[in-house]
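The values are calculated or read from the model by the stated rules, or taken from the named source; none is laboratory data. Not measured: the values here are computed from a predicted model. Here the Cβ is made from the backbone with ideal geometry for all residues, glycine too, and neighbour counts use every protein chain on show. Remember, those area values only see protein heavy atoms, side chains included, never the ligands or the DNA or RNA. Shrake-Rupley method; radii C 1.70, N 1.55, O 1.52, S 1.80 Å.
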Amino acid sequence: MPIVLSLTGHLPLGDRRLSRSEARDWLARAAVWFEGVGDAVLDARLMRDADERPVLLVDLHPVAAPVEVRLGGSGKLQVAAATTPAGPGYHQHLCDLLHQLAADFDFDWDLAHCTDPTHYFDSGSPTGVEQQFLRWLAGACARRPGSVGLPAGHGFTFPGEVLTPLGPRTRAWAAAVVEEPHRGGDFFAWWAPDLDAAFYRNRATARLWCEFPWRAPLTDAEGEVADQIANDLATAFKLDPGGDLPWTEWLELLDAIQADARGEQFCVTPTDTVLSVELWKRTGPVPRADGPRVGYRRSPVRAALDGGWSVQVPGGFAREWDADRNWTAWDRTRTVWFRRVGFTKPDGSSPTALEALEVGRKSLPEGDPVPPLEVGEVRGAGVFGPVEEDGRTVWRLSGVAGVGGQLAVCNVYAESAADRDWAVQTWLTLRHSQGT
């Protein structure tokens, strides 16, 4: 089970109640406070939950799920945060930050209704906090998983026995942690509560492994991530010039930022000639060849889609959902587009995979047939050919696939007919959880 911090506080309202807009305004002020409180906070954004109620999401580390902050009309403040797998340093830093929030916003935490398995929040004592996290890690390793500390649907296909946020480990490592939990300390990206060189190095390294696409950014969000990684590596270097850093990957990151500066300019990190020279001194003109290069997204990624569907795309693809639940993944020359359609037959029954496919076939354009999709219960068909898009000719594989009660539309675009084999290979990776 994860280590979860669950806190309850109360604003001093007396008999007055907050309107929903007042609660939202308070959370908005808290978001501004979080963003200005220090380097640990990456982002604070006000959203709406499934019930259309405001919720503040605060990101402090790429390894950790966002901290959720909610405020009710009675002035009841609720905070929930899973602090595994980030580490004991994250847990302690977050607790201290939330005590500071209460002091600055003039409210009290109700300790009788606050839950902290480590007891750090109420006691302030770090004794036993590290052991709690090490025991959690040993328990996770005992299940012999293919990954520890990554989201269940991460989709990484990078070769490795046990994938972790800071890189792959061996099953022998996992077995050793089960027997002697203290050997797992270097698994945690945030071990000590201080924002020291190790904190910045590990935060950057985790993002290089899990987030960076190893190319110039294609969106504002990707540009922001690239800037944050570069700033964290530079800070780690300044705090500990003799420390070990991912030098070769840092140079690749700076190359991507410089390429962006000649194109879309999604990044704001300036060119630092002195730093680049220092990196070249440490790496040499030829990248190292020993061991795997940092970056799970150097390998294909299986992306989770709607309704149990998934498809494998290059790790370097940008990905997004639009407001209509259409999913797109792309780079500068190729695109994959997906939409799921659920339907029933006129008599109210659910169509079979073949019946769903027959409906989908009617929407296919003319083109050269591609290999059919037949995996478990999934049945799919597609064609490949040229189409006009935004005044230019591109090549599109138009695919439809059925499973009981659902139809999926999956189109694969390329600028060149020479990418036909790649388009077909991508189409054939479409899967459904019922048909794998």
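Thr352 satisfies every condition listed in (1) in contact with a Gly (Cβ under 7 Å, 6 or more places away or on another chain); (2) under 20 Å from Arg334 (Cβ atoms) except (2).
Can you tell me which residue is surrounded by the fewest Cβ atoms within 10 Å (Cβ to Cβ) among those in the stretch 140-157 that are closer than 23 Å to Glu180 by Cα and without any contact (Cβ under 8 Å) to a residue 60 or more places away in the chain?
Among those that are closer than 23 Å to Glu180 by Cα and without any contact (Cβ under 8 Å) to a residue 60 or more places away in the chain, it is Arg143.
Scanning the stretch 328-359 for residues that are without any contact (Cβ under 8 Å) to a residue 24 or more places away in the chain, of a type outside the set (S, T, N, Q) and loosely packed, with under 13 Cβ neighbours inside 10 Å returns Pro346, Asp347, Gly348.
Being of a type outside the set (Gly, Ala, Ser) and within 24 Å of the chain's Cα centre (by Cα), is that true of even one residue in the stretch 7-15?
Applying the first criterion (of a type outside the set (Gly, Ala, Ser)) to the stretch 7-15 yields 7-8, 10-13, 15.
From what is left, the residues that are within 24 Å of the chain's Cα centre (by Cα) are none.
Checked against the condition, which is being of a type outside the set (Gly, Ala, Ser) and within 24 Å of the chain's Cα centre (by Cα), the stretch 7-15 yields no hits at all.
Within the set Ala256, Ala189, Ala216, the sole residue that is in contact with a helix residue (DSSP H, G or I) (Cβ under 8 Å, 6 or more places away or on another chain), assigned to a loop (DSSP other than H, G, I, E, B), in contact (Cβ under 8 Å) with a residue 24 or more places away in the chain and over 22 Å from His61 (Cα atoms) turns out to be Ala216. In the stretch 26-46, of all residues being open to solvent by 80 Å² or more (accessible area, probe 1.4 Å) and acidic (Asp, Glu), the one that is nearest to Tyr90 (Cα to Cα) corresponds to Asp39.
Just one of the listed residues (Thr205, Thr283) is of a type in the set (Ser, Thr, Tyr), modelled with pLDDT of 95 or more and open to solvent by less than 40 Å² (accessible area, probe 1.4 Å), namely Thr205. Among the residues making up the stretch 158-174, those that are small (Gly, Ala, Ser), surrounded by 13 or more Cβ atoms within 10 Å (Cβ to Cβ) and more than 17 Å from Gly87 (Cβ to Cβ) are Gly160, Ala174.
If the condition is being open to solvent by less than 60 Å² (accessible area, probe 1.4 Å) and within 19 Å of Gly9 (Cα to Cα), then the stretch 47-65 contributes Pro54, Val55, Leu56, Leu57, Val58.
Residue-by-condition table, conditions (1) open to solvent by 50 Å² or more (accessible area, probe 1.4 Å); (2) in contact with a Leu (Cβ under 9 Å, 6 or more places away or on another chain); (3) on the phi > 0 side of the Ramachandran plot:
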position	(1), (2), (3)
Arg361	yes, no, no
Asp368	yes, no, no
Val378	no, yes, no
Gly382	no, yes, no
Leu397	no, no, no
Thr429	no, no, no
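Tallying residues that are among the hydroxyl-bearing types (Ser, Thr, Tyr) and touching a residue at least 60 places away in the same chain (Cβ under 8 Å) within the stretch 10-53 yields 0.
Residue-level check: of (1) under 21 Å from Arg319 (Cβ atoms); (2) open to solvent by 10 Å² or more (accessible area, probe 1.4 Å), Pro270 misses just (1). Among the numbered conditions (1) assigned to a strand (DSSP E or B); (2) free of Cβ contacts under 8 Å to residues at least 40 places away in the same chain, the only one that Leu7 does not meet is (2).
Applying the selection to the stretch 175-186, what residues are surrounded by fewer than 17 Cβ atoms within 10 Å (Cβ to Cβ) and part of a helix (DSSP H, G or I)?
Here is the first cut: in the stretch 175-186, the residues surrounded by fewer than 17 Cβ atoms within 10 Å (Cβ to Cβ) are 175-176, 179-180, 182-183, 185-186.
If the condition is that a residue be surrounded by fewer than 17 Cβ atoms within 10 Å (Cβ to Cβ) and part of a helix (DSSP H, G or I), then Ala175, Ala176, Glu179, His182, Arg183, Gly185, Asp186 are the ones that fit.
Ala112 meets each of the listed conditions (1) in a helix (DSSP H, G or I); (2) closer than 27 Å to Ala192 by Cβ apart from (2). Restricting attention to the stretch 239-268 and to residues that are small (Gly, Ala, Ser) and under 13 Å from Pro217 (Cα atoms), the residue that is nearest to the chain's Cα centre (by Cα) turns out to be Ala256.
If you filter the stretch 115-148 down to residues that are polar (S, T, N, Q) and assigned to a helix (DSSP H, G or I), you find that the one that is nearest to Leu7 (Cα to Cα) is Ser123.
Please tell me if Ser276 is surrounded by fewer than 16 Cβ atoms within 10 Å (Cβ to Cβ) and either within 22 Å of the chain's Cα centre (by Cα) or in a loop (DSSP other than H, G, I, E, B) (or both).
Values: surrounded by fewer than 16 Cβ atoms within 10 Å (Cβ to Cβ): yes; either within 22 Å of the chain's Cα centre (by Cα) or in a loop (DSSP other than H, G, I, E, B) (or both): no.
No, not satisfied.
Contact map, the stretch 92-104: first residue without any contact (Cβ under 8 Å) to a residue 24 or more places away in the chain, second residue not small (Gly, Ala, Ser), Cβ cut-off under 9 Å, separation 6 or more or different chains; pairs are His99/Trp109; His99/Phe121. Entry remark, the stretch 309-348: residues being modelled with pLDDT of 95 or more and among the small types (Gly, Ala, Ser) number 5 in total. When the residues of the stretch 410-424 are filtered to those that are over 14 Å from Thr333 (Cα atoms) and more than 25 Å from the chain's Cα centre (by Cα), the one that is most open to solvent (accessible area, probe 1.4 Å) is Asp421.
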